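Okay, so here's the structure we're looking at.
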Amino acid sequence: MRQLIAGNWKMNGLREEASAIVTPLRLDAADLACDLLVCPPFTQIMTVASILAGSAVAVGGQDCHTGEKGAHTGDISAAMLRDAGATWVILGHSERRQDHHESDSLIQAKTKAAVAAGLSPIVCVGETEAQRVAADQNKVVGGQLAGSLPPGFAGVVAYEPVWAIGTGKTATEADVAAMHLFIRETLVKQLGPAGETIRILYGGSVRPANAGSLLAVPHVGGALVGGASLKAEEFLGIAKAAT
Ligand code: PGA
């Protein structure tokens, strides 16, 4: 299975910046051994999708609402993301779980809405530093998988230890190997044989310098990249490390 390298721009990217990031990707993506995805803020999706049209790079949103349309001021539906040119959406990122108090059941409802609108979901899970210190990481991640993934889930899962996001700290290869194996086993228990084919991304301070070793860990199906996805050469450096 091809690895997926996904860029999560978070709340970054004015028009000029967006086009500076994606214009080089458009040219280089065709020669890569991995799938490439960029997830700009909502306001840049149409611009980015039009620059990347006809290229090998896909575009995604960073969140969507559970409903199709209606009285939800400030929210965006999955159908709107599709309409703007997105084919993917990130759901349940730890920053949304924290800043917007998103629960597993809300994330599951969003995942169903995304799939119904024809988007491929990336559902994020991961423990906090305190939870890891208490050796609760499997309990926490297992609970998030049980609560956030709908029956028949066929999207992508991203494991992002909260303490590694934007901190420059990465999980050790041994920690990543143990967690990705645990997630694989949990997916198979939860979803049956289909759980074997789900790509499990690692996220948290992925850089060109550490991408090769992280992407070589068994059951790592790619990377979810924050900070380093805002510079084309760094993002491409990570993509070139994919197998
Ligand atoms: P980071 O963010 O690469 O800046 O640590 C990863 C993420 O939050 O998806």
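Values quoted throughout were computed directly from the atomic coordinates according to the rules given, and no laboratory measurement underlies them. Everything numeric here is computed off the predicted structure, so don't read it as measured data. We place every Cβ from the backbone using ideal geometry, glycine too, and count neighbours over all the protein chains shown.
Assorted remarks:
- Cα centroid separation, the stretch 1-60 to the stretch 83-153: 22 Å.
- Long-range HN-HN contacts of Leu201 with modeled amide H, under 5 Å: Val157, Ala158, Tyr159, Gly221
- Across the stretch 1-159, the relative contact order, built from alpha-carbon pairs under 8 Å that are at least six residues apart, equals 18 percent.
- GluC sites (Glu not before Pro) within the stretch 1-87, DSSP loop, no more than 13 other Cβ atoms inside 10 Å: Glu68
- Cross-link pairs beyond the 28 Å C-alpha cut-off, checked among Lys110/Lys139; Lys139/Lys240; Lys10/Lys169; Lys110/Lys240; Lys69/Lys169: Lys139/Lys240; Lys110/Lys240; Lys69/Lys169
- The H on the amide N of Gly7, modeled in the peptide plane, is under 5 Å from the matching H of Leu37, Val38, Cys39, Val225, each at least 5 residues off or on a different chain.
- Shape analysis of the stretch 119-160 based on the Cα gyration tensor places the equivalent ellipsoid semi-axes at 22, 10, 5 Å, largest first.
- According to the Kirkwood relation over distinct C-alpha pairs, the hydrodynamic radius of the stretch 35-140 is 14.6 Å.
- When the helices of the chain are scored as -39500 (n - 2.57) per DSSP H run of n ≥ 4 and the total is divided over every residue, the value at 222 nm lands at -12500 deg cm²/dmol.
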